[in-house]
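Have a look at the structure below, then the notes.
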Amino acid sequence: MSGLRALALAVLATTALTGAARPPATVFDLTTAVGRHGPALALTASDGNPLALTARGKPTYVFLFAGWCRPCQESLPFVRSAFAKYGDRVRFVGVDVLEDASAARAAIVGAALPFPVAIYPIEELDATITPDAQLRAGSKYRIPADVLIDGDGVVRYVWHGLALTSGGEPVDVLPGYLAKLGIE
């Protein structure tokens, strides 16, 4: 019996060390990485060029959105305004998620964001994480999702959904999070 136990422990240790039990990282893993370096991801910008999520030395703001998402659309003016104000000091990256690639391309054109935008198609997510697992994950896959990464690549802040005042009006919370990183 102890031989079987030792074998089971060895298999578990090997799996833990090699990461064999973990699915590949998705862009949504940024939202659960607060206080740690975000996962290394290879994204492709809508123009077909490679797009890194972070850049050493400069904070990065990542905006996860979809064309069909009304709160995402309501966030767009805030995102554009923040880019106009902070774009020289903060790297901005958009990622269209949770829709197919053709719908994503149309959403990106419609959003007219003045910074690079990647496409992370729903088919790629569904092939990595089953839709049932996505549903059971709580807010992890909720959009819009905003991620603020410091200049060392550590995820500092994540917020999901459109922030609203007590009166139900949309409010821009990004400047407050940037101020916490010393960016006014």
Using Cβ counts within 10 Å as a stand-in for footprinting exposure, how do LEU51, LEU181 rank, fewest first? LEU181, LEU51
Treating the beta-carbon of each Lys and Arg as +1 and of each Asp and Glu as -1, no other charges, what is the dipole magnitude of the stretch 23-180 about its Cα centre, to the nearest 20 debye? 560 debye
Assertion target for GLU74, GLU169, ordered by fewest C-beta neighbours within 10 angstrom first, is GLU169, GLU74
Students often check this: by mean Cβ neighbours within 10 Å, which of 124-134, 110-120 ranks highest, and how do the rest follow? 110-120, 124-134
Can you give the % of DSSP beta bridges in the chain that are antiparallel, to the nearest 5? 60 percent
Max mean-square fluctuation residue, GNM over the chain, Cα-Cα springs under 10 Å, options GLY153, GLY161, GLY138: GLY138
Round to the nearest 10 and give me the degree value, 0 to 90, for the angle of helix 70-86's Cα axis relative to the longest principal axis of the chain. 70 degrees
So what's Rg/Rh here for the stretch 23-180, counting alpha carbon atoms and using the Kirkwood radius for Rh? 0.93
Quick one: plug the Kirkwood hydrodynamic radius of the stretch 131-184 (C-alpha pairs) into Stokes-Einstein at 4 °C, 1.567 mPa s, and report D in µm²/s. 100 µm²/s
For helix 2-18, what angle does its Cα long axis make with the longest principal axis of the chain, in degrees from 0 to 90 and rounded to 10? 30 degrees
Computed label-point distance, nm, for sites THR128 and GLU184 using a 7 Å Cα→Cβ extension: 3.9 nm
Exposed trypsin sites (Lys or Arg not before Pro) being those in a DSSP loop with at most 16 other Cβ atoms within 10 Å, the longest stretch of the chain free of them is 90-141
Residues SER75, SER139, SER46, SER166 arranged by fewest to most Cβ contacts within 10 Å: SER166, SER139, SER46, SER75
In nm, to one decimal, how far is the modelled label at ARG22 from the one at ALA84, with both set 7 Å along Cα→Cβ? 4.1 nm
Using DSSP to call loops (not H, G, I, E or B), can you name the chymotrypsin sites (Phe, Trp or Tyr not before Pro) in the stretch 56-159 whose Cβ has at most 12 other Cβ atoms within 10 angstrom? TRP68
Given R₀ = 22 Å, what would the calculated FRET efficiency be for ARG136 paired with ALA106, taking r from the Cβ atoms and rounding to 0.05? 0.15
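Every number in this text was worked out from the coordinates using simple rules, so none of it is lab data. Bear in mind that the values here come from a model prediction, so they are computed numbers and not experimental data. Neighbour counts are summed over all protein chains in view; Cβ atoms, including those assigned to glycine, are modelled from backbone coordinates with ideal geometry.
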